[in-house]
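I am attaching a structure below and will ask some questions about it afterwards.
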Amino acid sequence: MSQRSYNKLWADAQLELSRLLAEELPAEPLPLQKDRVVFVQRLATLYVRYLQIFRKLEKAYDLMIHPQKRQVVRRILDGVMGRVLELKNEMVEKEFSEYHYMDDVLNALKLTPAELEIPIPHYFLSECSKDVQERKGMLMDVFKMMEVTESLDSLTTEEMTQEEAILIIQTVERVRQRRLRAKLFDESRKVKRKNPEPAVLNLAAICIQKVWRGYIQRQKTNIARLEEMIFLGMVMDPKYERPCPEEITAQANEACTRLKQKEHEEAYQKSVEEVMNQLREKEAHDMSKNMKSQIRQWFFECRNATGAFPDYPDKEDGGSAFIFTEKSPQQLMVEIAAKEEEKKEKKKEGKEEVNEDGSIKLNIANLYNYIPVSPWKMLQCKFVVNHRMKKQG
């Protein structure tokens with residue numbers, strides 16, 4: 001198959017996956033299903049459909065060359081495998097059995113029982129080969145250690161009792177006597193063979209003929225049985241069991257594709273590393289300078305708002321990354337509006353304004369008095385309150 005075929009396979013799987021997600025996550029929640037049989041039937045249908053998507057994605061990922069596409073397909077494939085396991089677990093819990101009968105589902109989807117088999121992804125072996133080699137090496141080391149200990153144990157001899165010594169001597173003597181008897185028996189047979197009787201020769205010939213004719217007949221029976229099974233289509237013809245030239249060509253193409261995969265992946269990783277090095281060399285200084293200026297500005301703003309420098313964010317909170325995550329573009333817009341509003345509200349600081357219903361209007365001074373927060377959170381609260389006051393005004 002060409003790369004265009006794998007791309008089409010991926011597109012078909014993605015389309016079917018989007019349909020399934022639309023069915024599972026509709027705009028309006030589905031009503032609760034009280035009938036257990038209907039619910040299990042729905043789970044079985046989802047399970048079979050997700051399984052077909054998994055087979056397509058696994059086939060596309062196995063022989064796709066483009067490294068960035070393979071990364072995307074790999075993430076989708078892992079997610080689909082997780083969903084298949086979830087559905088299987090739900091089916092086991094609802095039916096109280098690990099074996100399910102899905103004949104009606106297969107008939108409705110027009111599938112064969114072979115398509116219910118879960119294939120082992122090829123990348124489980126190909127991408128984990130290093131781990132497998134390390135495990136094999138560790139096992140070989142353990143086996144070698146066991147062999148050494150066994151050999152050392154065999155070298156350490158224990159003291160032999162008198163009964164064990166007598167038993168060994170008796171065994172050796174019995175073996176010697178049996179060897180002598182066997183030697184005498186062989187000599188007597190040789191003497192008898194020198195002058196065989198005609199009746200003995202005839203019996204020997206008949207025995208050999210029986211064995212040979214039985215062997216020939218069994219061979220003929222096996223050949224006739226094999227021909228009959230081939231004729232009925234129950235056994236594959238041996239000439240078709242050998243790989244045909246087309247299969248050999250397909251296997252060679254797959255091997256070539258896997259080599260190209262490795263080459264493209266190495267080139268991609270190398271290019272990513274080169275780009276990262278270029279960024280570090282050309283833009284690292286400017287980026288660090290901008291980040292330092294932003295952190296410095298953040299400290300000055302907190303000091304102007306609270307009157308004291310805030311504590312640096314802890315490592316658990318993310319350190320300096322906490323400062324940048326809390327500074328979104330919307331917050332920056334609120335900050336600019338808050339500064340303009342602060343100039344207008346300088347004369348009204350410290351005064352509480354009362355609404356018609358008797359409630360107190362919130363302002364910056366009231367916020368600091370009523371809300372006990374950390375300094376860097378206080379600045380954010382200031383922006384939010386100023387924004388609300390602007391809307392009220």
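Which one is surrounded by the fewest Cβ atoms within 10 Å (Cβ to Cβ), of the residues in segment 140-187 that are modelled with pLDDT of 80 or more, of a type in the set (S, T, N, Q) and assigned to a helix (DSSP H, G or I)?
Ranking the candidates gives GLN162 first.
Restricting attention to segment 17-46, and to residues there that are within 25 Å of the chain's Cα centre (by Cα) and in contact (Cβ under 8 Å) with a residue 40 or more places away in the chain, which single residue is farthest from CYS256 (Cα to Cα)?
Among residues in segment 17-46 that are within 25 Å of the chain's Cα centre (by Cα) and in contact (Cβ under 8 Å) with a residue 40 or more places away in the chain, the one farthest from CYS256 (Cα to Cα) is LEU43.
To keep it simple, each residue is scored yes or no on (1) in a helix (DSSP H, G or I); (2) over 18 Å from the mean Cα position of the chain (by Cα); (3) in contact (Cβ under 8 Å) with a residue 40 or more places away in the chain.
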| residue | (1), (2), (3) |
| --- | --- |
| ILE65 | no, yes, yes |
| VAL73 | yes, no, yes |
| GLY79 | yes, no, no |
| GLY82 | yes, no, no |
| MET91 | yes, yes, yes |
| SER97 | no, yes, no |
| HIS100 | no, yes, yes |
| LEU106 | yes, yes, yes |
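Of a type in the set (A, V, I, L, M), part of a helix (DSSP H, G or I), free of Cβ contacts under 8 Å to residues at least 40 places away in the same chain and surrounded by fewer than 11 Cβ atoms within 10 Å (Cβ to Cβ): is that true of VAL272 in this structure?
Answer is no for this residue.
Same structure again: Considering each residue of segment 228-251, count those that are at pLDDT 85 or above, assigned to a helix (DSSP H, G or I) and among the hydrophobic types (A, V, I, L, M, F, W, C), and give that number.
4
The values are calculated or read from the model by the stated rules, or taken from the named source; none is laboratory data. All values derive from a computational prediction rather than experimental measurement. Cβ coordinates were reconstructed from backbone atoms using ideal geometry, including for glycine residues, and neighbour counts include every protein chain displayed.
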